[in-house]
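K.L.:
Take a look at the following structure, please.
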């Protein structure tokens with residue numbers, strides 16, 4: 001599982017990347033984190049939007065927003 005995150009993850013848990021990371025950790029997940037400065041072309045190709053957070057699950061699902069990540073966590077019982 002990989003979380004593409006803004007550098008705000010390093011400074012604030014109240015920003016989208018920080019919230020996504022905190023929610024994943026609280027649910028028992030340990031995502032690898034790749035920091036992206038503003039996202040840009042790479043995230044656009046991967047997720048259809050240029051801004052993090054973006055989560056790629058172990059099964060290859062791409063979740064391209066904090067609400068999508070939050071919903072996915074709610075649907076899953078924990079790490080598989």
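K.L.:
Which ones in segment 20-32 are surrounded by fewer than 13 Cβ atoms within 10 Å (Cβ to Cβ) and in contact (Cβ under 8 Å) with a residue 40 or more places away in the chain? Talk me through it step by step, then tell me what you get.
P.N.:
To start, the set of residues in segment 20-32 that are surrounded by fewer than 13 Cβ atoms within 10 Å (Cβ to Cβ) comprises 25-26, 28, 30, 32.
Answer for segment 20-32, where residues must be surrounded by fewer than 13 Cβ atoms within 10 Å (Cβ to Cβ) and in contact (Cβ under 8 Å) with a residue 40 or more places away in the chain: 28, 30.
K.L.:
Kindly check whether there is at least one residue in segment 12-23 that is in contact with a strand residue (DSSP E or B) (Cβ under 9 Å, 6 or more places away or on another chain), at pLDDT 85 or above, closer than 16 Å to residue 2 by Cβ and in a loop (DSSP other than H, G, I, E, B).
P.N.:
no
K.L.:
Does residue 35 meet the test of being at pLDDT below 90, surrounded by 12 or more Cβ atoms within 10 Å (Cβ to Cβ) and closer than 11 Å to residue 2 by Cα?
P.N.:
Numbers: at pLDDT below 90: yes; surrounded by 12 or more Cβ atoms within 10 Å (Cβ to Cβ): yes; closer than 11 Å to residue 2 by Cα: yes.
Judged against the criteria, residue 35 is a match.
K.L.:
So, one more: Which residues, taken from segment 43-69, are in contact with a strand residue (DSSP E or B) (Cβ under 9 Å, 6 or more places away or on another chain) and outside any loop (DSSP other than H, G, I, E, B)?
P.N.:
43, 46, 47, 54, 55, 56, 62, 63, 68, 69
The values are calculated or read from the model by the stated rules, or taken from the named source; none is laboratory data. Owing to the predicted nature of the structure, the values given are computational and were not obtained by experimental measurement. A quick note on method: Cβ atoms are made from the backbone with ideal geometry, for glycine too, and the neighbour counts reach across all protein chains shown.
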